[in-house]
């Protein structure tokens, strides 16, 4: 819980400072915003380490194969990162760039999901 | 928990029909006992052991059947829980982003990946379930081909020559029609249903949703049509007398309506037949019923457990991972339900065929 | 990525912002632009390093 409070405090502070910097230099404000976003993500990820241990334990117990679950996890990360980047572009007023980032996120996700599709096709091939 | 009802009522139903004297007629010489026992698949033979069609005491076999079911139940449950846990792992990962509303206008690829993963996990299960359903129906058919001629011969010996022959021919024709309908139409439809459900949930297209509903409806209509025609034949051929046996018909109605998907529609038909069928007096009939229970018990148990657990998983998944993932899991459980419906219908057909022939034998 | 780093970058950002305002007020726009660019490059170097470390950490943690 402390981590969430910490993150909330950092985020609010960073937002204020970004507002101040914007008055003098909009580009610096954007860069500062980027740095703040990734700092928050880093803190959140460090919290996730014990969660990962539990998930790994569950993976081993249930016997789910890595090749089935890892595309799904990768898609989750692609979604989060693409969304952050696209929002940043929108914040800078570059709507076209934002859309391009989202599109490449979608394509990347489908690319990552391809092993799943080929596993499925293999199984269907065995059935038929 | 309709399933528990169905399963609990089946033995009770069976006992109801066994009250009254078991009249052993002079049919002994006509019956090829060994041939009939051999036609039953090996797991069922384990249960029946040396219970022959002429035994008047059926309690031993019933007791063995119940023990067998109890013994296997834990194993079946454990197997299904394994697949359910894997699916829940995927559901958990998908739930990480489902609350975030990341894909307002665009393509939800996390949902796509999740649905593909669940399909990869479940598809071999679905395939083995459909194969198991087909094999069970085939076992019932093989058994009926062994038992019914015997009953028809016995009926002929008891003096009802033409009608016995006709009834046997008609009921075995219906069993054949059912089996071929199942293997060439219904089970391929199930594969199509699975594919459609996967596509519709992965991509989220409304038209695919409509296709899914259509296939399910068609399957239910086919099964209902088969049962209605069979029922009509049995009433028209005079097997059903005017006497009404309210308790038995109510029991049958409740038991049959517990079958998923098709239960409600055929329960009325079922009770109509039973209300006129009366009580089975012959030991052969009792044997036939015990044998059907033995053949169907394990497959139906497996299917029931799978159906229930997958439905439970779907309802767990809905609040945490979003609508489409839970729809996919629900679709898989519907496939299991439809297979159960088919197998249940096969057992019910066999049951009524036996009744109609017994009616001829005992007058 | 420490919280201290954020504050360092904030400090650089505020410095650049203030200098920017001062220089453009006194009419030296090109110098304002150069200060902005210098600040950008400085912060970018630090930030990119941190981001790549973060991605390596995520990859290791999740085994992707």
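Placing R0 at 22 angstrom, the Cβ-Cβ distance between residue C:54 and residue A:15 gives a FRET efficiency of 0.60 after rounding to 0.05.
At a Förster radius of 60 Å, what calculated FRET efficiency corresponds to the Cβ-Cβ distance of residue A:7 and residue B:145, to the nearest 0.05? Present the calculation step by step, with values, prior to reporting the outcome.
On the way: r = 72 Å, r/R0 = 1.20.
Once the sixth-power term is evaluated, E becomes 0.25.
Label zone (residue C:46, point 7 Å along Cα-to-C-beta; backbone nitrogen cut-off 12 Å) within the range C:1-24: C:2-16. Here is how the number arises for chain C: DSSP H runs of 4 or more residues each give -39500 (n - 2.57), the sum is divided by the residue count, and the result at 222 nm is -32000 deg cm²/dmol.
Going by C-beta contacts inside 10 Å, put B:336, B:307, B:191 in order with the fewest on the left. Walk me through the numbers on the way to the answer.
Working: B:336 27, B:307 24, B:191 17.
Result, fewest neighbours first: B:191, B:307, B:336.
Centre-to-centre, using Cα atoms only, the range B:329-347 and the range A:83-128 are separated by 36 Å.
Based on the alpha-carbon gyration tensor of the range A:13-128 and its eigenvalue square roots a ≥ b ≥ c, which shape applies: rounded if a/c is under 1.5, prolate if not and a/b is larger than b/c, or oblate? Mind showing how you got there, number by number?
On the way: a/c = 6.79, a/b = 1.81, b/c = 3.76.
Taking the square roots of the gyration eigenvalues as a ≥ b ≥ c, the range A:13-128 is oblate.
Between the beta carbons of residue B:184 and residue A:60, assuming R0 = 35 Å, the FRET efficiency works out to 0.20 to the nearest 0.05.
Between residue C:5 and residue B:79, the simple spin-label model (points 7 angstrom out along Cα→Cβ) gives 5.3 nm. Taking a point 7 Å out from the Cα of residue B:220 in the direction of its Cβ, the residues of the range B:318-337 whose backbone N falls within less than 17 Å of it are B:330-337. Entry note, chain A: relative contact order of 20 percent, from Cα contacts under 8 Å with a spacing of 6+ residues. Counting neighbouring Cβ atoms within 10 Å and putting the fewest first, the residues A:41, A:3, B:91 line up as A:3, A:41, B:91. Counting other beta carbons within 10 Å of each Cβ, put A:112, C:16 in order, fewest first. Going from least to most buried by this count: A:112, C:16. The modelled label-to-label distance for the pair residue A:45/residue B:138, using points 7 Å beyond Cα in the direction of Cβ, is 5.4 nm.
Quick note: the coordinates plus some simple rules give every number you see, no bench work behind them. Not measured: the values here are computed from a predicted model. As a convention, Cβ positions derive from the backbone with ideal geometry for all residues, glycine included, and neighbour counts pool all protein chains shown.
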